[in-house]
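Colleague: Below you'll find the structure I mean.
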Amino acid sequence: MKKAHIYAIPAIGAALIAVLAQISIPIGPVPFTLQNFAIGLIATVFDLGKLFSLLESISYWVPLVFLSLLVEELVSMF
């Protein structure tokens, strides 16, 4: 596998999760987002192993955690 694929495939997976997470289906009191579908789709289509799936999920969640911590800190300052 080329070195570019090692970096591109998790980035594509994280982008797919980010896009599909914005689409929600209102079923009952709690809406269902397509983020769950994206995780399953990535694991099935890319099928490159556990490491790539882990990298895709981490590259999606880590920036969100840091952003939420930053916003919380900024709100507490005011």
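The values are calculated or read from the model by the stated rules, or taken from the named source; none is laboratory data. Bear in mind that the values here come from a model prediction, so they are computed numbers and not experimental data. Note that we place each Cβ from the backbone using ideal geometry, even for glycine, and neighbour counts take in every protein chain shown.
Colleague: If E72 satisfies all but one of (1) at pLDDT below 70; (2) surrounded by fewer than 12 Cβ atoms within 10 Å (Cβ to Cβ); (3) charged (D, E, K, R), what's the number of the condition it fails?
Modeller: Looking at each condition in turn, E72 falls short on (1).
Colleague: Can I ask one more? Which residue out of L16, L48, L55 is surrounded by 17 or more Cβ atoms within 10 Å (Cβ to Cβ), at pLDDT 80 or above and not polar (S, T, N, Q)?
Modeller: Details: L48 fails: at pLDDT 80 or above; L55 fails: at pLDDT 80 or above.
Sole residue among the options that is surrounded by 17 or more Cβ atoms within 10 Å (Cβ to Cβ), at pLDDT 80 or above and not polar (S, T, N, Q): L16.
Colleague: Considering only residues that are over 13 Å from A18 (Cβ atoms) and assigned to a loop (DSSP other than H, G, I, E, B), which ones fall in the range 29-48?
Modeller: Passing the criteria: P29, V30, P31, F46, D47, L48.
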